[in-house]
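One structure below.
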Amino acid sequence: MPTPDTTPDTTPVDETPEPETPATDAPAAEPADETPPAPMLTLRDGLPPVIETDAALLDYVARLREGSGPIAIDAERASGYRYSGRAYLLQLRREGSGTALVDPIALSTLAPLAEVLDGPEWILHAATQDLPCLAEIGLRPAALFDTELAGRLLGHPRVGLATLVETVLGRRLKKEHSAVDWSTRPLPRPWLEYAALDVEVLVELRDALAAELEESGKAEWARQEFEALLSFEQTPRADAWRRVSGLHRVRGRRALAAAKLLWETRDEIARQRDVTPGRIIPDAALVAAAQAMPTERAALLETKGFHGRGAERYSVRWIAAIREAAALPESELPPRAPRGDGPPTPRAWADRDPVAARRLAIAREEMATLAETHQMPVENLLTPDYLRRTLWTPPASREPAELASQVAQALLDLGARQWQADLTGPVITDAILRADTEPDPQPSPEPAEPDA
């Protein structure tokens, strides 16, 4: 590919959000009952000022030290607007310390905050979403409680923060600003109120869910899950370009190479400008260009989806990517399907290994029953990939006790927690043993009696 242009680009990209779907004039459905809505959650201490100076941060750090108990933490990113996943606002709350809204962009250092946060339990909702951006600014927990994961283990059918706050605590939480551009400065007051409310009752929610976990006998399961989250790191997805929406419509490996190179070009531009890639050109435009493979600017700009400043501004780079794809030798074209180190897709098991297919069918049925018994999603019992890997290439032993031990160890080696191996290991062991026995053949029909 051409050498990337590293000169800072200040030309604006068309970043106008998609228009909202207009409301219809259809009459609202009649309420199912007359139950009054839960009261709306409000800020007990009012809206605190945003911490934008090192001195203000030190003041709040002193208050955090004087507080007690776990610390509720949330972070707001500019997903859908910025390429980076950096945190543009931090929200914290601790009993005796109150709520703080911290602007990490404006501060010269977060070291004092990192020091006081190193030790107390953090309360996060959907921790895997926030841990990477918090680690990026030097904030890492020594212990944590994930309210979303707790809700899943407890079998709550919906585990969004607003839903859990309503079902567990009986209060409603507004969520109308969840998708705004948090890199905006100054941040509007309604957005700040929304952000502060996200940590307002996290401590209370954590305590209620912890009591449910104890009562249901799942507290140790949750402890192991939370401990595993402490080492969570977001890893880049292999072949991320294959996630382009509509890529299945691209036929032929050369067209697939064009899609790949166009995606890489767009990703490079987006990274340089810190703009989400879809705001340069949409996925639909990449797919259309990969199908048509125009090698001249005029033809490119006539391709469906190639309009706006991003398409025209970088037209030379789009054309270069397509021409590079056209010139690739056959040996360098990407395969139609991604290469992986795991088992084949389950729908191919019956043809490739009928015994493995029987193992999977038996295990899936038993896992569904186990999940229902423990009232949680089956994927929280065990990561589906771990199940497939263990069943596709099971341990060699068929002595029940030895096999059970080998299955449990295989699950732990893959990354399962001890409670998961203890709970699902017997199911997997049983599936392996049962599938090894061929189904009984159907009895042949009795021969007809000869005519007299």
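The values are calculated or read from the model by the stated rules, or taken from the named source; none is laboratory data. These numbers come from a predicted model, not from an experiment. Every residue, glycine among them, receives a Cβ derived from its backbone with ideal geometry; neighbour counts consider all protein chains shown.
Select, from G98, G119, the only residue that is among the small types (G, A, S) and out of contact with any helix residue (DSSP H, G or I) (no Cβ under 9 Å at 6 or more places or on another chain).
Values: G98 fails: out of contact with any helix residue (DSSP H, G or I) (no Cβ under 9 Å at 6 or more places or on another chain).
Just one listed residue meets the conditions, G119.
How many residues does segment 182-191 hold that are over 23 Å from the mean Cα position of the chain (by Cα) and surrounded by fewer than 18 Cβ atoms within 10 Å (Cβ to Cβ)? Please lay out each step first, then the result.
To start, the set of residues in segment 182-191 that are over 23 Å from the mean Cα position of the chain (by Cα) comprises 184-191.
Checking which are surrounded by fewer than 18 Cβ atoms within 10 Å (Cβ to Cβ) leaves us with 184-186, 188-190.
Count: 6.
Which one of these does A357 not meet: (1) assigned to a helix (DSSP H, G or I); (2) under 15 Å from V427 (Cβ atoms)?
(2)
Kindly provide the set of residues from segment 302-317 that are surrounded by fewer than 16 Cβ atoms within 10 Å (Cβ to Cβ) and under 32 Å from the mean Cα position of the chain (by Cα), ordered by number. Quick ask: steps written out before the conclusion?
We begin by selecting, within segment 302-317, every residue surrounded by fewer than 16 Cβ atoms within 10 Å (Cβ to Cβ); these are 302, 304-305, 307, 309, 312, 316.
Across segment 302-317, the qualifying residues are K304, G305, H307, R309.
Please pick out the residue among L90, L131, L110, L124 that is surrounded by fewer than 22 Cβ atoms within 10 Å (Cβ to Cβ) and at pLDDT 95 or above.
Just a single option satisfies the conditions, and that option is L110.
Can you pull out every residue in segment 271-302 that is among the hydrophobic types (A, V, I, L, M, F, W, C) and either touching a residue at least 24 places away in the same chain (Cβ under 8 Å) or on the phi > 0 side of the Ramachandran plot (or both)?
At the first step, the residues of segment 271-302 found to be among the hydrophobic types (A, V, I, L, M, F, W, C) are 275, 280-281, 284-290, 292-293, 298-301.
If the condition is that a residue be among the hydrophobic types (A, V, I, L, M, F, W, C) and either touching a residue at least 24 places away in the same chain (Cβ under 8 Å) or on the phi > 0 side of the Ramachandran plot (or both), then V275, I280, I281, A284, A285, L286, V287, A289, A290, M293 are the ones that fit.
Which residues, counting only those in segment 56-99, are over 30 Å from R273 (Cα atoms), charged (D, E, K, R) and in contact (Cβ under 8 Å) with a residue 24 or more places away in the chain?
R63, R65, E66, R93, R94, E95
Going residue by residue through segment 232-239, is there one that turns out to be of a type in the set (A, V, I, L, M) and surrounded by 12 or more Cβ atoms within 10 Å (Cβ to Cβ)?
As a first pass, look at segment 232-239 and keep what is of a type in the set (A, V, I, L, M): 238.
Adding the requirement that they be surrounded by 12 or more Cβ atoms within 10 Å (Cβ to Cβ) leaves none.
Scanning segment 232-239 turns up no residue that is of a type in the set (A, V, I, L, M) and surrounded by 12 or more Cβ atoms within 10 Å (Cβ to Cβ).
May I ask you to say which residue of A72, A87, A106, A135 is under 21 Å from the mean Cα position of the chain (by Cα), of a type in the set (A, V, I, L, M, F, W, C) and assigned to a loop (DSSP other than H, G, I, E, B)? Working first, answer last.
Values: A72 fails: assigned to a loop (DSSP other than H, G, I, E, B); A106 fails: under 21 Å from the mean Cα position of the chain (by Cα); A135 fails: assigned to a loop (DSSP other than H, G, I, E, B).
Only one candidate passes the filter, namely A87.
Given (1) in a helix (DSSP H, G or I); (2) farther than 22 Å from A179 by Cβ; (3) in contact (Cβ under 8 Å) with a residue 12 or more places away in the chain, identify the lone condition not met by R251.
Every condition holds for R251 apart from (1).
Just name the residue that is farthest from the chain's Cα centre (by Cα) out of those in segment 138-181 that are among the small types (G, A, S) and within 21 Å of A196 (Cα to Cα). Spell out the reasoning first.
Taking segment 138-181 as the starting set, the residues that turn out to be among the small types (G, A, S) are 138, 142-143, 150-151, 155, 160, 162, 170, 178-179.
Checking the rest, the ones that are also within 21 Å of A196 (Cα to Cα) come to 160, 162, 170, 178-179.
Values: G160: 13, A162: 18, G170: 27, S178: 16, A179: 16 Å.
Of everything passing the filter in segment 138-181, G170 is farthest from the chain's Cα centre (by Cα).
What is the one condition in (1) modelled with pLDDT of 95 or more; (2) in contact with a Gly (Cβ under 8 Å, 6 or more places away or on another chain); (3) part of a loop (DSSP other than H, G, I, E, B) that R63 does not satisfy?
R63 satisfies all of (1) modelled with pLDDT of 95 or more; (2) in contact with a Gly (Cβ under 8 Å, 6 or more places away or on another chain); (3) part of a loop (DSSP other than H, G, I, E, B) except (3).
Within segment 90-103, work out how many residues are in a loop (DSSP other than H, G, I, E, B) and among the polar types (S, T, N, Q).
Going residue by residue through segment 90-103, those that are in a loop (DSSP other than H, G, I, E, B) are 96-97, 103.
This time we only want the ones that are among the polar types (S, T, N, Q), so: 97.
Final tally of qualifying residues: 1.
Out of the residues in segment 348-391 meeting the condition of being without any contact (Cβ under 8 Å) to a residue 40 or more places away in the chain, among the acidic types (D, E) and more than 18 Å from Q418 (Cα to Cα), tell me which one is surrounded by the fewest Cβ atoms within 10 Å (Cβ to Cβ).
D351
Condition first: under 31 Å from the mean Cα position of the chain (by Cα), outside the structural domain of G80 (by TED's automatic domain parsing), without any contact (Cβ under 8 Å) to a residue 24 or more places away in the chain and not in a helix (DSSP H, G or I). Can you find one or more residues in segment 318-338 that meet it?
Yes: one or more hits.
Has segment 260-274 got any residue that is of a type in the set (S, T, Y) and either in a helix (DSSP H, G or I) or touching a strand residue (DSSP E or B) at 6+ places or on another chain (Cβ under 8 Å) (or both)? Step through it out loud before you land on a result.
So in segment 260-274, the residues of a type in the set (S, T, Y) come out as 265.
Subset that is either in a helix (DSSP H, G or I) or touching a strand residue (DSSP E or B) at 6+ places or on another chain (Cβ under 8 Å) (or both): 265.
Yes; the residues of segment 260-274 include at least one that is of a type in the set (S, T, Y) and either in a helix (DSSP H, G or I) or touching a strand residue (DSSP E or B) at 6+ places or on another chain (Cβ under 8 Å) (or both).
One line per residue, one yes/no per condition, for (1) more than 25 Å from P49 (Cα to Cα); (2) among the small types (G, A, S):
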position: E95; (1), (2): no, no
position: A127; (1), (2): yes, yes
position: I137; (1), (2): no, no
position: F145; (1), (2): yes, no
position: G160; (1), (2): yes, yes
position: T163; (1), (2): yes, no
position: L173; (1), (2): no, no
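Say we look at segment 268-301 and pick out the residues that are among the charged types (D, E, K, R) and farther than 25 Å from R253 by Cβ; which of these is farthest from the chain's Cα centre (by Cα)?
Here is the first cut: in segment 268-301, the residues among the charged types (D, E, K, R) are 268, 271, 273-274, 279, 283, 296-297.
This time we only want the ones that are farther than 25 Å from R253 by Cβ, so: 271, 273-274, 279, 297.
Numbers: R271: 20, R273: 24, D274: 21, R279: 21, R297: 38 Å.
Applying the filter and picking the extreme gives R297.
In the list A408, A396, which residue meets the criterion of being among the hydrophobic types (A, V, I, L, M, F, W, C), free of Cβ contacts under 8 Å to residues at least 40 places away in the same chain and part of a loop (DSSP other than H, G, I, E, B)? Don't jump to the end; show me each part of the working.
Working: A408 fails: part of a loop (DSSP other than H, G, I, E, B).
The unique qualifying residue is A396.
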